[in-house]
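What follows is a single structure, written as C-alpha cells, with notes after it.
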Amino acid sequence: MAGYDQNNVFAKILRGEIPCKKLLESEHALAFHDIAPQAPVHVLVIPKGSYVSSADFFGTASDAEIAGFCRTVAQAAEQLGVVEQGYRILANHGADAHQEVPHFHVHIFAGRDLGRMIKPPEK
Ligand code: AMP
C-alpha cells in the first residue's frame, strides 16, 4: 500500500479540522461513531499515530500504542453496553477488503443479530 496520506479524513478528525461524534479518547486512540452506520451501533476506533492499515499498525506500532489501542476497543464496547449481548470487530485492509479510509481503524458493530461472518459469494 502507498505511504500515509496526511489528508485522509481520519487524519483531519485527529487534527480537529473536521468534527466527529466522539465516544471516548485515550492516550493512543480515539473512538467515534461512523458517519454512515451499517448497524444500530457502529463505532470506529483509530490509533492516534499515522498508520495506513492493519499491517502497518500491527507490524510497526509500539507495544504501548497497540496495547492502548486494544484497551480502547474494549472500553468502547463496555461504554456502548454491548458486551453482554455481543458485538463484532472488523478491520478492512486493502483493496479486496474495500478499505476506504487509509488510516487504520477497527469497526465495532452491534445492536442486532449480525448474521454470518462473511457474505457468501454471489452465484
Ligand atoms: P473502511 O471501508 O473500513 O475504510 O471504512 C471506512 C468507514 O469510515 C466507513 O464506514 C465510513 O462510513 C466511515 N467514515 C468516513 N468518513 C467519516 C467521518 N467523517 N466520520 C465518521 N465516519 C466516517
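Side notes on the structure shown:
- Ranking H105, H93, H98 from most to least accessible surface, computed with a 1.4 Å probe over the protein chains only, gives H98, H93, H105.
- 3J(HN,Hα) along region 76-88: 5, 4, 4, 5, 6, x, 10, 5, 6, 6, x, 7, 10 Hz, from the Karplus curve 6.51 cos²θ - 1.76 cosθ + 1.60 with θ = phi - 60°, whole Hz, x for Gly and Pro.
- When the convex hull of its Cα atoms is projected in every direction, mean area for the chain (nm²): 8.3 nm²
- Evaluating 6.51 cos²θ - 1.76 cosθ + 1.60 at θ = phi - 60° for every residue in region 91-96, the Karplus couplings come out as 10, 8, 10, x, 5, 5 Hz, glycine and proline recorded as x.
- Taking F109, F69 and ordering them by how much accessible surface each has at a 1.4 Å probe, largest first, produces F109, F69.
- Derived scalar couplings between HN and Hα for region 26-42 equal 10, 4, 10, 8, 10, 10, 8, 6, 5, 6, 10, x, 9, 7, x, 10, 8 Hz in order, rounded to whole Hz, by the Karplus curve 6.51 cos²θ - 1.76 cosθ + 1.60 (θ = phi - 60°), x for Gly and Pro.
- Modelled FRET efficiency - R0 22 Å, K12 with H42, Cβ distances, 0.05 increments: 0.65
- Exposure check, 1.4 Å probe, all protein chains in place: I46 carries approximately 0 Å² of accessible surface.
- Rounded percent of accessible protein surface that carbon and sulfur make up, region 50-123, 1.4 Å probe: 52 percent
- Pairs of Lys residues in the chain are counted when their Cα atoms are under 27 angstrom apart and they lie 8 or more places apart or on different chains; the count is 5.
- Per residue, the chain reaches -7500 deg cm²/dmol at 222 nm when only DSSP H runs of four or more residues are counted, each adding -39500 (n - 2.57).
- Amide H contacts of L30 (H built 1.01 Å from N, in plane; Pro and chain starts excluded): I46, K48 sit under 5 Å, all sequence-distant by 5 or more or on other chains.
- Heavy atoms of the protein chains alone define the surface here; on that basis the chain has 62 Å² accessible area per residue at 1.4 Å probe size.
The values are calculated or read from the model by the stated rules, or taken from the named source; none is laboratory data. Note that the coordinates shown come from a computational prediction; the quantities given were computed from them, not determined experimentally. Reconstructed Cβ throughout: ideal geometry from the backbone, glycine too, with neighbour counts over all protein chains shown. Just so you know, the surface numbers come from the protein's heavy atoms only, side chains and all, with ligands and any DNA or RNA stripped out. Shrake-Rupley method; radii C 1.70, N 1.55, O 1.52, S 1.80 Å.
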